[in-house]
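The values are calculated or read from the model by the stated rules, or taken from the named source; none is laboratory data. All values reported here derive from a predicted model rather than from experimental measurement. Note: ideal-geometry Cβ built from the backbone for every residue, glycine included; neighbour counts use all protein chains shown. We work out accessible area using only protein heavy atoms, side chains counted, and drop any ligands, DNA or RNA first. Shrake-Rupley method; radii C 1.70, N 1.55, O 1.52, S 1.80 Å.
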Amino acid sequence: MTPMDNRTRKRRLRREVRARILATAPARRLEEEAELALRFETLPGLSSARTVLLYVRAFREEIDTRPMVASALERNLIVACPRVDAAGQRLRLFRIADPDRDLVPGTLNIPEPAATCPELSPKAIDWVLVPGLAFDPRGYRLGRGGGYYDRLLPELRPDAPRWALAFDAQWVEGLPVEPHDMPLDGIVSPSRTETPA
């Protein structure tokens, strides 16, 4: 498949999956989010992690990750969240201790760590929750197209587990894959778990 074909297919998949998520009945969506919050607690590698990278929902089609952030803080984990460095075309990581105080509207109104939060090196991260719009059984993810996580993931330690939580509507049987794409260690939705070999 040519790069143009891949780009076209990814654009189409983003539209289709976003529409599927937003078409989910609100009550069903709340049920799925509650289940994912419970499943988060048992994800492999999390119990032995000290410093975790989480994200906070920024778009209507994303899962609400604030319960996961609260859970990690209650377990006395060091919680990092990303901030977009538009000039550098990358994500920088900062520690948050209190989401209500430390998260402020940033790029595209995405909740990001405030300027007062201490910066952390990607090498300090022990475990990662990775966002995405779509996921496939091989562990690949489809992001929003900015490439920020594609650039961040290789900067992390190779032994830091990379997991994703997803609505059932986010599964796609085969995503277009490019050479820079890195599979995740696992993806969990309310009805399905995939842990690629």
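Which whole number of Å³ per residue matches the convex hull of the alpha-carbon atoms in the chain?
So the per-residue Cα hull volume is 122 Å³.
So if I place +1 on the C-beta of Lys and Arg and -1 on the C-beta of Asp and Glu, and nothing else carries charge, what would the dipole magnitude of the chain be about its Cα centre? I want it in debye, nearest 20.
Dipole about the Cα centre, nearest 20: 580 debye.
If I take R0 = 35 Å and measure r between the Cβ atoms of ARG11 and GLU119 in this structure, what FRET efficiency does the formula 1/(1 + (r/R0)^6) give, to the nearest 0.05?
0.55
With 14 Å as the cut-off, how large is the P(r) tail for the range 84-137, expressed as percent of Cα-Cα pairs?
I get 63 percent for the Cα pairs in the range 84-137 exceeding 14 Å.
Tell me, in nm to one decimal, what length is gained between VAL104 and ASP168 on full extension, where the rule is 0.36 nm per residue of separation less the Cα-Cα distance?
20.1 nm
Thinking of the range 87-187 as a set of Cα atoms, what percent of all their pairs are more than 21 Å apart?
40 percent
Compute the accessible area per residue over the chain, keeping the other protein chains in place, probe 1.4 Å, unit Å².
With the other protein chains kept in place, the chain gives 48 Å² per residue.
Given the -39500 (n - 2.57) contribution per DSSP H run of 4+ residues, what per-residue ellipticity at 222 nm results for the chain, rounded to the nearest 500 deg cm²/dmol?
-8500 deg cm²/dmol
Where in the range 150-165 does the amide nitrogen come within less than 14 Å of the point 7 Å from the Cα of THR195, taken along Cα to Cβ?
161-164
Could you give log10 I(q)/I(0) at q = 0.25, 0.29, 0.32 Å⁻¹ for the range 1-49, computed by the Debye formula over C-alpha point scatterers of equal weight, without solvent?
Values returned for q = 0.25, 0.29, 0.32 Å⁻¹ are -0.85, -0.98, -1.07.
Got a number for carbon plus sulfur as a percent of the chain's accessible area, 1.4 Å probe?
54 percent
Express as a percent, rounded to the nearest 5, the fraction of DSSP beta bridges in the chain (both residues included) that run antiparallel.
60 percent
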